[in-house]
1. Could you figure out which of (1) within 15 Å of the ligand (Cβ to nearest atom); (2) crowded, with 20+ Cβ neighbours inside 10 Å; (3) under 15 Å from ASP252 (Cβ atoms) isn't true of ASP154?
2. Would you pick out the residues in segment 173-220 that are within 15 Å of LEU248 (Cα to Cα) and more than 16 Å from the ligand (Cβ to nearest atom)?
3. Looking at segment 230-239, is at least one residue under 18 Å from PRO164 (Cβ atoms), in a loop (DSSP other than H, G, I, E, B) and touching a Gly at 6+ places or on another chain (Cβ under 8 Å)?
4. Taking the condition of being polar (S, T, N, Q) and assigned to a strand (DSSP E or B), how many residues in segment 240-249 meet it?
5. Taking LEU89 as the residue in question, decide whether it is loosely packed, with under 11 Cβ neighbours inside 10 Å and at pLDDT 95 or above.
6. Among the residues of segment 104-123, are any basic (Lys, Arg) and in contact with a Gly (Cβ under 8 Å, 6 or more places away or on another chain)?
7. Restricting to segment 318-340, count the residues that are in a loop (DSSP other than H, G, I, E, B) and over 15 Å from VAL69 (Cβ atoms).
8. Looking only at segment 282-295, count how many residues are closer than 15 Å to PHE258 by Cα, hydrophobic (A, V, I, L, M, F, W, C) and either in contact with a strand residue (DSSP E or B) (Cβ under 8 Å, 6 or more places away or on another chain) or away from the ligand (no atom under 13 Å from the Cβ) (or both).
Amino acid sequence: MTRQNNEWDQMIDADKRHIWHPYTSAIDAPPVFPVVSAQGVRLELADGRQLIDGMASWWCAIHGYNHPVLNKALCAQTSNMSHVMFGGLTHSPAVELAELLVDLAPNSLNRVFFSDSGSVAVEVALKMAIQYWYSVGQPKKQKLVSLRNGYHGDTFGAMSVCDPETGMHHLFGDVLAKQLFAPAPECGFAEDCDDRHISTMADILLKHHREIAAVIVEPVVQGAGGMRFYSPQYLVKLRALCDSFDVLLIFDEIATGFGRTGKMFALEHAGVIPDILCLGKALTGGYMTLAATLCNDRISSGISQGEPGAFMHGPTFMANPLACAVAKASIELLLCQPWQQTIERLHSELTEGLAPALELPNVVDVRTLGAIGVIELDKPVDMAVVQPMFVERGVWIRPFGKLVYTMPPYIMKTNDVTMLCRAMVNTVAEIAH
Ligand SMILES: Cc1ncc(COP(=O)(O)O)c(C=O)c1O
């Protein structure tokens, strides 16, 4: 045990010396917790502690960890073919996954471009939109419109359409393409969306449509930009505006896809079909990094019939067979169970479990949608203080800013949801001023 502890101490020292963790200082990094294994909804730390995982590894691990069905799909594919390039070659994991995605997505979205992460799927979507207009003889249409509080990833194109204040615009200044931003929708999920809620977006489109390639939004749930839920009716109005000004519509469902909001895709709350759809995160059940950008015939034919007659993107690990095989298994696993009921159960358990937080003096809002539960505080949490408190309570919750939230694996049982919610509420109570 002592030797093991020493080994872990050395490991953590080496981590501190050489590794740069996400959104973290290299010289003054807060402690990291070593994980040795993960099973079901639990992470096991090196010191033997088990944590109920409320984050599903940044919202991906919908079936939990070490799932026999996903393990089997991955192992079977490993012994067949781990990777081949996708230029000039194809393989059944990619073809079968593409067929499955096209079947699940709205009818018109019938062309799939695979990439290796959510941010890249967004880059691909933006490039598709801009290249489309170039191909059909409108090369001036290059600008993008997005929403304040939006988050679409950390690469340059994606960053340019993230919220200009909470995103990284001030750091990267002129290097980022200058885009247009409409206010985040003020109409809540269950509220009507009036014309006034979308009037600035309408003004932007009216004024600039000749130079706008596309509007990109996260439908219904703005995730990393604030965990805000908004009225599906906003999307209906947005689609109508895009149609009338001949601007493409991109939905980024990287966070919301595969059931998280109670529908397979959040766009189903509105019955609105975008021209381009980005998927990632839960696509592989959290096993491998993979993303997909789907588009309709208008985009794929437009680009293919224009100059240079090809879509100009091609990642080395495009359609990685291991990732495609496990994604197919993950989607089939979701489809063969009553997942809507599961999300409804999680929704009512999260709603009930987090409700006591509303009584706390440092809480301004508690909200839930599908398998998403959010406690919004009146000021940003001090991560160095709060993170160990969650671990002490036996849960893995990673807040950001003023938000203490959970997006648990769908397989989480009632008892564990109860413990998770209790730990969230009690921790928030403990840091109340
Ligand atoms: C809506 C949305 N788009 C894009 C991304 C970027 O995905 P990735 O981190 O896989 O690059 C994220 C990640 O949180 C996201 O929530």
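1. Going through the list (1) within 15 Å of the ligand (Cβ to nearest atom); (2) crowded, with 20+ Cβ neighbours inside 10 Å; (3) under 15 Å from ASP252 (Cβ atoms), ASP154 breaks only (2).
2. LEU180, MET201, ALA202, ILE204, LEU205, LEU206, HIS208, HIS209, ARG210, GLU211, ILE212, ALA213
3. Let us first name the residues in segment 230-239 that are under 18 Å from PRO164 (Cβ atoms), namely none.
Among the residues of segment 230-239, not one is under 18 Å from PRO164 (Cβ atoms), in a loop (DSSP other than H, G, I, E, B) and touching a Gly at 6+ places or on another chain (Cβ under 8 Å), which makes the answer no.
4. 0
5. Values: loosely packed, with under 11 Cβ neighbours inside 10 Å: yes; at pLDDT 95 or above: yes.
Answer is yes for this residue.
6. Start the filter on segment 104-123 by keeping residues that are basic (Lys, Arg), which leaves 111.
Remaining after also requiring in contact with a Gly (Cβ under 8 Å, 6 or more places away or on another chain): none.
No - not one qualifying residue is present in segment 104-123.
7. Applying the first criterion (in a loop (DSSP other than H, G, I, E, B)) to segment 318-340 yields 318-320, 336-338.
So of that shortlist, the ones also over 15 Å from VAL69 (Cβ atoms) come out as 318-320, 338.
Number satisfying all stated conditions: 4.
8. In the first step, residues of segment 282-295 are kept if they are closer than 15 Å to PHE258 by Cα; the result is 282-287, 290-294.
Adding the requirement that they be hydrophobic (A, V, I, L, M, F, W, C) leaves 282-283, 290-292, 294.
If we keep only those that are either in contact with a strand residue (DSSP E or B) (Cβ under 8 Å, 6 or more places away or on another chain) or away from the ligand (no atom under 13 Å from the Cβ) (or both) as well, we get 283, 290-292, 294.
So the answer is 5.
The values are calculated or read from the model by the stated rules, or taken from the named source; none is laboratory data. Because the structure is predicted, anything quoted here is derived from the model rather than measured. Reconstructed Cβ throughout: ideal geometry from the backbone, glycine too, with neighbour counts over all protein chains shown.
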